[in-house]
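Student: Have a look at this one before I ask anything.
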Amino acid sequence: MGNDSKHRFGTRAIHAGQHPDASTGAIMPPIYQTSTYVQPKLGEPLHGYEYARVQNPTREALERNVAALESGTHGIAFASGMAAIEAFVKRRSAGDHVVYEENVYGGTHRLFVMVLQRLGLAFTSVDSSDPDALRAAIRPNTRLVHIETPTNPMMKVTDLAASAEIVRAAGATLIVDNTFASPFNQRPLELGAHAVVHSSTKYLNGHSDVIGGIIVTSDDTIAAELRFLQKAAGAVPGPFDAWLVLRGLKTLHVRKERHNANGQRVAEFLAERFGPERVFYPGLPTHPQHQLARRQMRGFTGMVSVDTGSLQRASRLVQATRLFSLAESLGGVESLVGHPAIMTHAAVPKEMRDRMGVTEGLVRFSVGSEDVEDLLADLEQALEA
Ligand code: P1T
(Lines give C-alpha, C1' and ligand atoms only; values in the text may rest on other atoms or scores of the structure.)
Protein backbone atom coordinates (compact mmCIF):
# COMPACT_ATOMS: atom_id res chain seq x y z
CA MET A 1 0.00 0.00 0.00
CA GLY A 2 1.31 3.44 -0.90
CA ASN A 3 4.44 1.89 -2.43
CA ASP A 4 3.22 2.84 -5.83
CA SER A 5 5.48 5.48 -7.32
CA LYS A 6 2.37 7.35 -8.49
CA HIS A 7 1.89 8.42 -4.88
CA ARG A 8 3.48 11.64 -3.72
CA PHE A 9 6.03 11.94 -0.95
CA GLY A 10 3.69 12.56 2.01
CA THR A 11 1.42 9.68 1.04
CA ARG A 12 4.43 7.38 0.76
CA ALA A 13 5.74 8.57 4.14
CA ILE A 14 2.49 7.43 5.76
CA HIS A 15 1.73 4.26 3.81
CA ALA A 16 4.73 2.85 1.95
CA GLY A 17 5.88 -0.59 3.04
CA GLN A 18 3.00 -1.17 5.43
CA HIS A 19 -0.33 -2.93 5.31
CA PRO A 20 -2.88 -3.71 8.02
CA ASP A 21 -1.93 -6.80 10.05
CA ALA A 22 -3.41 -9.88 8.35
CA SER A 23 -4.58 -11.58 11.55
CA THR A 24 -6.21 -8.60 13.34
CA GLY A 25 -6.48 -5.69 10.93
CA ALA A 26 -4.27 -3.55 13.22
CA ILE A 27 -3.48 -0.48 11.14
CA MET A 28 0.04 -0.15 12.54
CA PRO A 29 2.52 -2.96 11.88
CA PRO A 30 2.93 -4.93 15.11
CA ILE A 31 6.18 -4.74 17.07
CA TYR A 32 7.45 -8.28 16.54
CA GLN A 33 9.35 -8.44 19.82
CA THR A 34 10.78 -11.89 19.31
CA SER A 35 14.26 -13.33 18.93
CA THR A 36 13.30 -16.44 17.01
CA TYR A 37 10.52 -18.18 15.07
CA VAL A 38 9.23 -21.71 15.59
CA GLN A 39 9.98 -24.16 12.78
CA PRO A 40 7.22 -26.73 12.30
CA LYS A 41 9.57 -29.03 10.40
CA LEU A 42 13.37 -29.25 10.28
CA GLY A 43 14.68 -26.91 7.62
CA GLU A 44 11.24 -25.48 6.81
CA PRO A 45 10.65 -22.26 8.71
CA LEU A 46 7.06 -21.03 8.54
CA HIS A 47 6.92 -17.96 6.18
CA GLY A 48 10.73 -17.94 5.83
CA TYR A 49 11.41 -16.36 9.25
CA GLU A 50 14.22 -18.09 11.14
CA TYR A 51 16.04 -15.81 13.55
CA ALA A 52 15.52 -12.13 14.33
CA ARG A 53 19.04 -10.92 13.57
CA VAL A 54 18.31 -12.04 10.02
CA GLN A 55 14.61 -11.22 9.58
CA ASN A 56 12.11 -9.17 11.54
CA PRO A 57 8.77 -8.02 10.05
CA THR A 58 8.76 -4.66 11.89
CA ARG A 59 12.24 -3.90 10.66
CA GLU A 60 11.23 -4.94 7.15
CA ALA A 61 8.32 -2.47 7.16
CA LEU A 62 10.77 0.31 8.11
CA GLU A 63 13.19 -0.78 5.40
CA ARG A 64 10.48 -0.75 2.72
CA ASN A 65 9.21 2.64 3.85
CA VAL A 66 12.58 4.44 3.75
CA ALA A 67 13.46 2.73 0.45
CA ALA A 68 10.27 4.17 -1.07
CA LEU A 69 11.02 7.66 0.29
CA GLU A 70 14.55 7.62 -1.13
CA SER A 71 13.34 6.36 -4.55
CA GLY A 72 15.27 3.12 -4.04
CA THR A 73 14.29 -0.53 -4.08
CA HIS A 74 16.17 -1.93 -1.05
CA GLY A 75 16.42 -0.63 2.52
CA ILE A 76 18.82 -2.25 4.98
CA ALA A 77 18.49 -1.06 8.59
CA PHE A 78 21.22 -0.94 11.21
CA ALA A 79 21.56 -0.23 14.91
CA SER A 80 23.00 3.26 14.34
CA GLY A 81 24.13 5.59 11.60
CA MET A 82 27.73 4.60 12.36
CA ALA A 83 26.90 0.88 12.04
CA ALA A 84 25.35 1.59 8.62
CA ILE A 85 28.37 3.57 7.43
CA GLU A 86 30.72 0.88 8.73
CA ALA A 87 28.78 -1.87 6.94
CA PHE A 88 29.03 -0.03 3.64
CA VAL A 89 32.82 0.28 3.90
CA LYS A 90 33.13 -3.33 5.05
CA ARG A 91 31.97 -4.42 1.60
CA ARG A 92 35.54 -3.48 0.62
CA SER A 93 38.81 -5.25 1.47
CA ALA A 94 42.26 -4.38 2.77
CA GLY A 95 44.20 -2.53 0.05
CA ASP A 96 41.15 -0.72 -1.30
CA HIS A 97 41.07 3.06 -1.28
CA VAL A 98 38.18 5.23 -0.08
CA VAL A 99 37.74 8.95 -0.80
CA TYR A 100 35.55 10.90 1.63
CA GLU A 101 34.32 14.45 2.01
CA GLU A 102 36.53 16.09 4.64
CA ASN A 103 33.70 17.86 6.48
CA VAL A 104 31.76 14.73 7.42
CA TYR A 105 30.35 14.11 10.91
CA GLY A 106 33.33 13.76 13.28
CA GLY A 107 32.35 10.18 14.11
CA THR A 108 32.57 9.19 10.45
CA HIS A 109 36.12 10.58 10.24
CA ARG A 110 36.95 8.73 13.49
CA LEU A 111 35.62 5.41 12.15
CA PHE A 112 37.52 5.75 8.86
CA VAL A 113 40.86 6.95 10.19
CA MET A 114 41.05 5.46 13.69
CA VAL A 115 39.38 2.08 13.07
CA LEU A 116 39.09 0.99 9.43
CA GLN A 117 42.46 2.38 8.31
CA ARG A 118 44.08 0.11 10.92
CA LEU A 119 42.47 -2.84 9.14
CA GLY A 120 44.23 -2.06 5.87
CA LEU A 121 41.86 0.22 3.97
CA ALA A 122 43.28 3.56 2.78
CA PHE A 123 41.36 6.82 3.17
CA THR A 124 41.80 10.24 1.56
CA SER A 125 39.72 13.25 2.62
CA VAL A 126 38.78 15.84 0.02
CA ASP A 127 36.71 18.98 -0.45
CA SER A 128 34.07 17.29 -2.61
CA SER A 129 32.34 20.60 -3.39
CA ASP A 130 35.23 21.08 -5.85
CA PRO A 131 34.68 18.49 -8.64
CA ASP A 132 38.31 18.82 -9.80
CA ALA A 133 39.57 18.04 -6.31
CA LEU A 134 37.27 15.00 -6.16
CA ARG A 135 38.50 13.77 -9.53
CA ALA A 136 42.14 14.28 -8.50
CA ALA A 137 41.68 12.34 -5.25
CA ILE A 138 40.54 9.18 -7.05
CA ARG A 139 43.25 6.54 -7.54
CA PRO A 140 43.25 3.34 -9.58
CA ASN A 141 42.32 1.37 -6.42
CA THR A 142 39.56 3.76 -5.30
CA ARG A 143 36.46 1.64 -4.80
CA LEU A 144 34.27 3.93 -2.75
CA VAL A 145 33.47 7.63 -2.42
CA HIS A 146 31.60 8.82 0.66
CA ILE A 147 30.00 12.26 0.43
CA GLU A 148 27.93 14.21 2.92
CA THR A 149 25.83 17.17 1.71
CA PRO A 150 25.02 19.51 3.29
CA THR A 151 28.01 18.78 5.51
CA ASN A 152 28.10 18.61 9.29
CA PRO A 153 28.54 21.32 10.54
CA MET A 154 29.67 23.75 7.79
CA MET A 155 26.60 23.20 5.57
CA LYS A 156 28.80 22.92 2.49
CA VAL A 157 26.95 21.59 -0.57
CA THR A 158 28.38 19.13 -3.11
CA ASP A 159 26.99 18.72 -6.64
CA LEU A 160 25.67 15.16 -6.52
CA ALA A 161 24.98 14.69 -10.24
CA ALA A 162 28.50 15.87 -11.13
CA SER A 163 30.03 13.70 -8.39
CA ALA A 164 28.09 10.63 -9.54
CA GLU A 165 29.43 11.11 -13.06
CA ILE A 166 33.03 11.36 -11.81
CA VAL A 167 32.72 8.38 -9.47
CA ARG A 168 30.96 6.18 -12.02
CA ALA A 169 33.53 7.02 -14.70
CA ALA A 170 36.21 5.79 -12.27
CA GLY A 171 34.34 2.53 -11.68
CA ALA A 172 33.82 3.29 -7.99
CA THR A 173 30.69 3.41 -5.82
CA LEU A 174 29.16 6.64 -4.52
CA ILE A 175 27.38 6.69 -1.19
CA VAL A 176 25.78 9.88 0.12
CA ASP A 177 25.05 10.58 3.77
CA ASN A 178 21.65 12.27 3.45
CA THR A 179 21.10 12.71 7.20
CA PHE A 180 21.07 16.53 7.20
CA ALA A 181 18.70 16.89 4.25
CA SER A 182 16.39 13.85 4.59
CA PRO A 183 14.67 12.44 1.49
CA PHE A 184 12.08 15.20 1.73
CA ASN A 185 14.74 17.78 0.82
CA GLN A 186 17.03 15.74 -1.43
CA ARG A 187 17.14 12.31 -3.07
CA PRO A 188 20.70 11.36 -4.07
CA LEU A 189 19.70 8.12 -5.87
CA GLU A 190 17.74 10.22 -8.38
CA LEU A 191 20.97 12.15 -9.05
CA GLY A 192 23.08 9.06 -9.75
CA ALA A 193 24.41 7.94 -6.34
CA HIS A 194 24.61 4.17 -5.81
CA ALA A 195 23.46 4.33 -2.19
CA VAL A 196 22.16 6.66 0.50
CA VAL A 197 22.87 6.36 4.20
CA HIS A 198 21.06 7.93 7.15
CA SER A 199 21.50 8.30 10.80
CA SER A 200 17.78 7.63 11.36
CA THR A 201 18.43 8.96 14.87
CA LYS A 202 17.90 12.40 13.28
CA TYR A 203 15.16 13.68 10.95
CA LEU A 204 13.79 10.25 9.90
CA ASN A 205 12.76 9.42 13.46
CA GLY A 206 12.53 13.07 14.45
CA HIS A 207 11.68 12.68 18.13
CA SER A 208 15.09 12.27 19.81
CA ASP A 209 14.24 8.88 21.29
CA VAL A 210 16.04 6.34 19.06
CA ILE A 211 19.53 5.56 17.75
CA GLY A 212 19.36 3.99 14.30
CA GLY A 213 20.77 3.88 10.78
CA ILE A 214 19.68 2.76 7.34
CA ILE A 215 21.07 2.39 3.82
CA VAL A 216 18.96 2.54 0.65
CA THR A 217 20.05 1.39 -2.80
CA SER A 218 18.52 0.20 -6.07
CA ASP A 219 21.55 -1.94 -6.87
CA ASP A 220 20.73 -5.62 -6.23
CA THR A 221 24.39 -6.62 -5.75
CA ILE A 222 25.09 -3.88 -3.19
CA ALA A 223 21.84 -4.75 -1.41
CA ALA A 224 22.75 -8.45 -1.22
CA GLU A 225 26.20 -7.62 0.15
CA LEU A 226 24.68 -5.34 2.80
CA ARG A 227 22.04 -7.92 3.70
CA PHE A 228 24.86 -10.42 4.20
CA LEU A 229 26.81 -7.98 6.40
CA GLN A 230 23.67 -7.16 8.39
CA LYS A 231 23.37 -10.87 9.16
CA ALA A 232 27.09 -11.64 9.50
CA ALA A 233 28.07 -8.69 11.71
CA GLY A 234 24.68 -8.27 13.36
CA ALA A 235 24.41 -4.52 14.09
CA VAL A 236 20.61 -4.61 13.76
CA PRO A 237 18.01 -2.29 15.30
CA GLY A 238 15.56 -3.80 17.79
CA PRO A 239 11.93 -4.13 16.70
CA PHE A 240 10.69 -1.39 19.03
CA ASP A 241 13.28 1.08 17.70
CA ALA A 242 12.36 0.13 14.13
CA TRP A 243 8.70 0.76 14.98
CA LEU A 244 9.43 4.14 16.55
CA VAL A 245 11.28 5.31 13.42
CA LEU A 246 8.40 4.01 11.28
CA ARG A 247 5.99 6.06 13.38
CA GLY A 248 8.21 9.13 13.16
CA LEU A 249 8.39 8.82 9.38
CA LYS A 250 4.63 9.32 9.07
CA THR A 251 5.15 13.02 9.81
CA LEU A 252 8.50 13.50 8.07
CA HIS A 253 7.03 15.72 5.34
CA VAL A 254 5.08 17.84 7.85
CA ARG A 255 8.01 18.23 10.25
CA LYS A 256 10.50 18.89 7.51
CA GLU A 257 8.49 21.75 6.01
CA ARG A 258 8.51 23.41 9.42
CA HIS A 259 12.22 22.71 10.01
CA ASN A 260 13.01 24.24 6.60
CA ALA A 261 10.95 27.37 7.29
CA ASN A 262 12.32 27.79 10.82
CA GLY A 263 15.89 27.14 9.70
CA GLN A 264 15.61 29.87 7.08
CA ARG A 265 14.27 32.38 9.63
CA VAL A 266 16.97 31.55 12.19
CA ALA A 267 19.69 31.81 9.52
CA GLU A 268 18.39 35.22 8.42
CA PHE A 269 18.24 36.39 12.04
CA LEU A 270 21.81 35.27 12.71
CA ALA A 271 23.00 36.83 9.42
CA GLU A 272 21.63 40.19 10.60
CA ARG A 273 23.39 39.89 13.96
CA PHE A 274 26.73 38.39 12.94
CA GLY A 275 26.96 39.32 9.25
CA PRO A 276 26.07 36.88 6.45
CA GLU A 277 29.70 35.81 5.95
CA ARG A 278 29.68 34.24 9.42
CA VAL A 279 26.47 32.24 8.93
CA PHE A 280 26.51 28.86 7.17
CA TYR A 281 23.15 27.96 5.65
CA PRO A 282 22.50 27.00 2.00
CA GLY A 283 19.22 28.97 1.99
CA LEU A 284 21.06 32.29 2.28
CA PRO A 285 21.79 33.92 -1.10
CA THR A 286 25.32 34.61 0.22
CA HIS A 287 26.05 30.87 0.68
CA PRO A 288 28.74 29.87 -1.87
CA GLN A 289 26.62 26.99 -3.23
CA HIS A 290 23.21 28.65 -2.90
CA GLN A 291 22.32 28.22 -6.60
CA LEU A 292 23.40 24.57 -6.56
CA ALA A 293 21.38 23.99 -3.37
CA ARG A 294 18.32 25.52 -5.04
CA ARG A 295 18.67 23.06 -7.92
CA GLN A 296 19.52 20.00 -5.87
CA MET A 297 17.37 20.44 -2.77
CA ARG A 298 13.77 21.22 -1.94
CA GLY A 299 14.17 23.41 1.15
CA PHE A 300 17.43 23.94 2.97
CA THR A 301 16.85 21.96 6.20
CA GLY A 302 16.92 23.06 9.84
CA MET A 303 20.68 23.06 10.48
CA VAL A 304 22.44 26.41 10.82
CA SER A 305 25.99 27.18 11.96
CA VAL A 306 27.46 30.54 12.95
CA ASP A 307 31.01 31.61 13.69
CA THR A 308 30.75 33.80 16.78
CA GLY A 309 34.46 34.67 16.60
CA SER A 310 35.77 33.15 19.83
CA LEU A 311 35.43 30.23 22.21
CA GLN A 312 34.34 32.62 24.94
CA ARG A 313 31.44 34.01 22.87
CA ALA A 314 30.46 30.55 21.62
CA SER A 315 30.50 29.10 25.10
CA ARG A 316 28.39 31.95 26.48
CA LEU A 317 25.86 31.62 23.65
CA VAL A 318 25.36 27.84 23.91
CA GLN A 319 24.79 28.14 27.65
CA ALA A 320 22.47 31.15 27.50
CA THR A 321 19.73 29.72 25.26
CA ARG A 322 16.70 28.23 27.01
CA LEU A 323 14.57 26.71 24.25
CA PHE A 324 17.65 25.53 22.35
CA SER A 325 19.04 22.82 24.66
CA LEU A 326 22.79 22.26 24.73
CA ALA A 327 23.14 18.67 23.47
CA GLU A 328 24.70 16.43 20.80
CA SER A 329 22.43 15.28 17.96
CA LEU A 330 19.99 17.02 15.64
CA GLY A 331 16.86 16.61 13.60
CA GLY A 332 14.35 16.29 16.43
CA VAL A 333 11.25 18.42 16.90
CA GLU A 334 12.98 20.17 19.81
CA SER A 335 15.68 22.73 19.06
CA LEU A 336 19.26 21.93 20.07
CA VAL A 337 22.48 23.90 20.13
CA GLY A 338 25.99 22.47 20.04
CA HIS A 339 29.66 23.35 19.83
CA PRO A 340 31.18 21.18 17.05
CA ALA A 341 34.87 21.63 17.97
CA ILE A 342 34.29 20.39 21.53
CA MET A 343 31.36 18.06 20.88
CA THR A 344 30.61 16.35 17.53
CA HIS A 345 34.00 16.98 15.86
CA ALA A 346 36.39 16.52 18.80
CA ALA A 347 37.88 13.45 17.06
CA VAL A 348 38.95 15.56 14.06
CA PRO A 349 42.54 16.96 14.32
CA LYS A 350 42.62 20.69 15.06
CA GLU A 351 44.43 21.70 11.86
CA MET A 352 41.83 19.85 9.80
CA ARG A 353 39.02 21.51 11.77
CA ASP A 354 40.57 24.95 11.28
CA ARG A 355 40.96 24.41 7.54
CA MET A 356 37.25 23.59 7.23
CA GLY A 357 36.09 26.48 9.42
CA VAL A 358 35.16 24.33 12.43
CA THR A 359 36.69 26.94 14.73
CA GLU A 360 36.39 27.31 18.49
CA GLY A 361 33.89 30.10 17.84
CA LEU A 362 31.58 27.92 15.75
CA VAL A 363 28.11 27.19 17.14
CA ARG A 364 25.66 24.79 15.47
CA PHE A 365 21.88 25.00 15.78
CA SER A 366 19.43 22.22 15.05
CA VAL A 367 16.33 24.33 14.58
CA GLY A 368 13.30 22.40 15.78
CA SER A 369 9.66 22.72 14.82
CA GLU A 370 8.55 25.03 17.66
CA ASP A 371 6.94 28.41 16.88
CA VAL A 372 9.72 30.36 15.25
CA GLU A 373 8.92 33.63 17.08
CA ASP A 374 9.72 31.86 20.36
CA LEU A 375 12.98 30.53 18.93
CA LEU A 376 14.02 33.98 17.70
CA ALA A 377 13.12 35.51 21.07
CA ASP A 378 15.26 32.86 22.76
CA LEU A 379 18.23 33.69 20.53
CA GLU A 380 17.65 37.40 21.11
CA GLN A 381 17.78 37.02 24.89
CA ALA A 382 20.80 34.68 24.66
CA LEU A 383 22.73 37.18 22.53
CA GLU A 384 21.92 39.98 24.98
CA ALA A 385 23.03 37.88 27.95
O1 P1T B 1 24.67 8.73 15.88
P2 P1T B 1 24.45 7.74 14.78
O3 P1T B 1 23.03 7.33 14.61
O4 P1T B 1 25.39 6.58 14.84
O5 P1T B 1 24.78 8.52 13.41
C6 P1T B 1 26.05 9.02 13.09
C7 P1T B 1 25.94 10.15 12.11
C8 P1T B 1 26.07 9.88 10.77
N9 P1T B 1 25.99 10.86 9.84
C10 P1T B 1 25.75 12.13 10.19
C11 P1T B 1 25.67 13.19 9.14
C12 P1T B 1 25.59 12.47 11.54
O13 P1T B 1 25.36 13.74 11.86
C14 P1T B 1 25.70 11.45 12.54
C15 P1T B 1 25.57 11.75 13.99
N16 P1T B 1 25.66 13.09 14.30
C17 P1T B 1 25.55 13.62 15.56
C18 P1T B 1 25.36 12.88 16.65
C19 P1T B 1 25.66 15.09 15.63
O20 P1T B 1 25.30 15.69 16.66
O21 P1T B 1 26.11 15.68 14.66
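Student: Give the Kirkwood hydrodynamic radius (Å, one decimal) of the chain, defined as one over the mean of 1/r across all pairs of different Cα atoms.
Tutor: In the chain this quantity evaluates to 21.3 Å.
Student: Dipole of the chain, Cα-centred, from +1 at each Lys and Arg C-beta and -1 at each Asp and Glu C-beta, to the nearest 20 debye? Kindly include the intermediate steps, with their values, before the conclusion.
Tutor: Numbers: 39 positive and 41 negative charges, 129 e Å.
Using only the charged Cβ atoms, the result is roughly 620 debye.
Student: For residue 98, what charge total do you get from the other residues with a beta carbon under 15 Å from its beta carbon, if Lys and Arg give +1 and Asp and Glu give -1?
Tutor: It works out to a net charge of +1.
Student: Let me ask something else about it. Give the carbon-plus-sulfur fraction of the accessible surface of the stretch 253-384 in %, rounded to a whole number; probe 1.4 Å, heavy atoms of protein chains only.
Tutor: 50 percent
Student: Among 178, 47, 357, whose Cα sits farthest toward the positive end of the charge dipole of the chain (+1 at Cβ of Lys/Arg, -1 at Cβ of Asp/Glu, about the Cα centre)?
Tutor: Comparing the listed Cα positions along the dipole, 47 ranks first.
Student: Take every Cα pair under 8 Å in the stretch 18-106 that's 6+ residues apart, average their separations, divide by the length, and report that relative contact order as a whole percent.
Tutor: 16 percent
Student: Give the peptides 355-362, 290-297 in descending order of average Cβ contacts within 10 Å, highest first.
Tutor: The most tightly packed comes first, giving 355-362, 290-297.
Student: What does the charge count near residue 136 come to, summing +1 for each Lys or Arg and -1 for each Asp or Glu among other residues with Cβ under 11 Å from its Cβ?
Tutor: Details: positive: 135, 139; negative: 127, 130, 132.
Summing Lys and Arg as +1 and Asp and Glu as -1 gives -1.
Student: I would also like to ask the following. Quick check: residue separation of residue 162 and residue 273 times 0.36 nm, minus the Cα distance between them. What number comes out in nm?
Tutor: That works out to 36.4 nm of additional length.
Student: Which distance in nm do the two modelled labels at residue 352 and residue 169 give, with both placed 7 Å along the Cα-to-Cβ direction?
Tutor: Here the modelled spin labels are 2.7 nm apart.
Student: A further question follows. Less than 29 Å apart at the alpha-carbon level, and either on another chain or at least 8 residues along: which lysines does that give for residue 202?
Tutor: In chain and number order, the partners are 6, 90, 156, 231, 250, 256, 350.
Student: Now for a separate question. Taking loop as defined by DSSP and a crowding limit of 11 other beta carbons within 10 Å, which chymotrypsin sites (Phe, Trp or Tyr not before Pro) in the stretch 183-267 fit?
Tutor: When the chymotrypsin sites (Phe, Trp or Tyr not before Pro) of the stretch 183-267 are filtered for loop state and at most 11 Cβ neighbours within 10 Å, nothing remains.
Student: At 222 nm, what helix-only mean residue ellipticity would the chain give, in deg cm²/dmol to the nearest 500, using -39500 (n - 2.57) for each DSSP H run of four or more? Don't skip to the end; give the middle numbers.
Tutor: Details: 14 runs with 140 residues, N = 385.
Calculated from helices alone, the mean residue ellipticity at 222 nm is -10500 deg cm²/dmol.
Student: May I ask you to list the trypsin sites (Lys or Arg not before Pro) in the stretch 1-64 that are in a DSSP loop and have at most 15 other Cβ atoms within 10 Å of their Cβ?
Tutor: 6, 8, 53
Student: Calculate the spin-label point distance for residue 374 paired with residue 218, positioning each point 7 Å from the Cα along the beta-carbon direction, and give it in nanometres.
Tutor: Those two pseudo-labels are separated by 4.2 nm.
Student: Let me ask something additional. For a Förster distance of 22 Å, can you work out the FRET efficiency between the beta-carbons of residue 34 and residue 209, rounded to the nearest 0.05?
Tutor: Efficiency computed from Cβ-Cβ geometry: 0.50.
Student: Calculate, for residue 122 and residue 233, the FRET efficiency according to 1/(1 + (r/R0)^6) with r their C-beta to C-beta distance and R0 22 Å; round to the nearest 0.05. Could you put the intermediate results ahead of the total?
Tutor: On the way: r = 21 Å, r/R0 = 0.97.
Once the sixth-power term is evaluated, E becomes 0.55.
Student: Spin-label point model (7 Å from Cα, Cβ direction): what's the residue 322 to residue 295 distance in nm?
Tutor: 4.6 nm
The values are calculated or read from the model by the stated rules, or taken from the named source; none is laboratory data. Given the structure is predicted, the values throughout are model-derived calculations rather than measurements. Glycine gets a Cβ as well: all are built from the backbone with ideal geometry, and neighbour counts include every protein chain shown. What goes into the accessible areas is simple: the full protein's heavy atoms, side chains included, and nothing from ligands, DNA or RNA. Shrake-Rupley method; radii C 1.70, N 1.55, O 1.52, S 1.80 Å.
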